[in-house]
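A short worksheet on the structure shown next.
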Amino acid sequence: MEQLSNQIKIRRPDDWHLHLRDGATLSAVLPFTAKVFKRAIVMPNLQPPITSIKAASEYRQRISDSTPRGTDFEPLITAYLTDDFSSKELEKGYVENIFFAAKLYPANVTTNSSSGVTDLSKVDNIFSLMEDIGMPLLIHGEVTDKNIDIFDREAIFIEKYLKPLMHNHPKLRIVLEHITTIQAIDFVEKSGPNIAATITPHHLHINRNDMFRGGLRSDFYCLPVAKRENHRIALRNAATSGKSCFFLGTDSAPHPRYLKESSCSCAGIFNSPFAIESYAEVFDEEGALENLESFSSEFGASFYKLPLNIDSITLARKDHFVTKSYEFLDEHNNKESVVPFHAGEKLRWSVLQDTNF
Ligand code: NCD
Ligand code: ZN
């Protein structure tokens, strides 16, 4: 990393948790990621979900077809675990480099998760296989019991399911995705080296009050839901700490504006247009710009045993305003819009266009 007073040059980052969707949305959102990030782990919660080698290869091809010319973005595709996922299919897909990892959604935990796992014991053989072959398990770590308060669902998942899972499968390599609580931070810190966690930009910027600021603001509704301020502060400390168990995963999750604004709004925040700038702002505010590069561009690759990127990007201290919404045409030629994170706000860091790759 090179740091001048108003500029930093860092190794090119990767996004270790991303929703690219499909069809017209995929084409509309992918350029934002591809212009900055070299690789991304792409989430499999499409409709229908990615549950076979065929579906994964076809999805990878559609992503490749939508990748803007002149960029060398590399998608890493994940398998969506279901109660009856075939071990043979998973192993073959992993060995053949089609599935990079497998994603565990407890059934009905979040957007497009109704085909997820209803009971962890049903996929215990899959966990044993993954442990044997070294395939990473990515977890949406929340319980789904409606009687449990939504703000407690991550902490209870850790106690009730994650601890026993790690006990029974000590060699399984796990990433606890988009963590939001002090409990998750503490658990990941003390349970290494086979577990790590991703942290989103939005959970570093917002707390649960932002969803209710002057009215009901569904643009700030995502899962896991943002927590109290003390959790946000702890997340900022964890992300900027220089500890290798925490790394970048945007969880950018676009939903059309009409679905976000519905009386039953979808969970998900679309942050890919200015994700690295959003993280840079946090690291700057915390006086930890020297740790931005390892969080964004090194710890994830090391955990996943991938080579570090060799090219770089340059960020400059330069104010700009974030677009209020992005418009594009859907498959039926209807106008669709998505509202980005930080819409209408000023950000103080910009990626310089002379990015070297
Ligand atoms: C994600 C989505 O929309 O696919 N939503 C979200 O709030 N983060 C799913 C997920 O990662 O939970
Ligand atoms: Zn996600």
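The values are calculated or read from the model by the stated rules, or taken from the named source; none is laboratory data. None of these values were measured; they are calculated from a predicted model. Backbone-built Cβ (ideal geometry, glycine too); neighbour counts: all protein chains shown. Areas reflect the complete protein model, heavy atoms only, side chains present, ligands, DNA and RNA absent. Shrake-Rupley method; radii C 1.70, N 1.55, O 1.52, S 1.80 Å.
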(request) Among what's in the range 114-134 and is open to solvent by 60 Å² or more (accessible area, probe 1.4 Å), more than 16 Å from ligand 2 (Cβ to nearest atom) and among the polar types (S, T, N, Q), pick the residue that is nearest to K160 (Cα to Cα). (result) S121
(request) Find all pairs meeting these conditions: Cβ atoms under 9 angstrom apart; at least six residues apart or on different chains; first residue within the range 132-160 and within 16 Å of L81 (Cα to Cα); second residue among the small types (G, A, S) and in a helix (DSSP H, G or I). (result) G141/A184
(request) Determine whether T67 is within 24 Å of P340 (Cβ to Cβ) and at pLDDT 95 or above. (result) yes
(request) Please work out which residue is nearest to F303 (Cα to Cα), limiting yourself to the range 104-152 and to residues that are small (G, A, S) and part of a helix (DSSP H, G or I). (result) S128
(request) Test each condition in (1) in contact with a Cys (Cβ under 7 Å, 6 or more places away or on another chain); (2) away from ligand 2 (no atom under 16 Å from the Cβ) for T111 and report the one that comes out false. (result) (2)
(message) Cβ contacts < 7 Å: first residue closer than 20 Å to N334 by Cα and touching a residue at least 12 places away in the same chain (Cβ under 8 Å), restricted to the range 11-38; second residue within 16 Å of ligand 1 (Cβ to nearest atom) and among the polar types (S, T, N, Q), any location; separation 6+ or different chain. Result?
(response) V29/S272
(request) Please work out which one of (1) of a type outside the set (D, E); (2) in a loop (DSSP other than H, G, I, E, B); (3) open to solvent by less than 10 Å² (accessible area, probe 1.4 Å) is the condition L292 fails and give its number. (result) (2)
(message) Cβ-Cβ distance below 8 Å, separation of 6 or more or different chains: which pairs start in the range 211-228 with a residue that is open to solvent by 70 Å² or more (accessible area, probe 1.4 Å) and at pLDDT 95 or above and end on one that is part of a helix (DSSP H, G or I) and among the acidic types (D, E)?
(response) R217/D210
(message) Given the condition within 17 Å of E154 (Cα to Cα), modelled with pLDDT of 95 or more and away from ligand 1 (no atom under 11 Å from the Cβ), answer yes or no: does some residue in the range 257-276 qualify?
(response) no
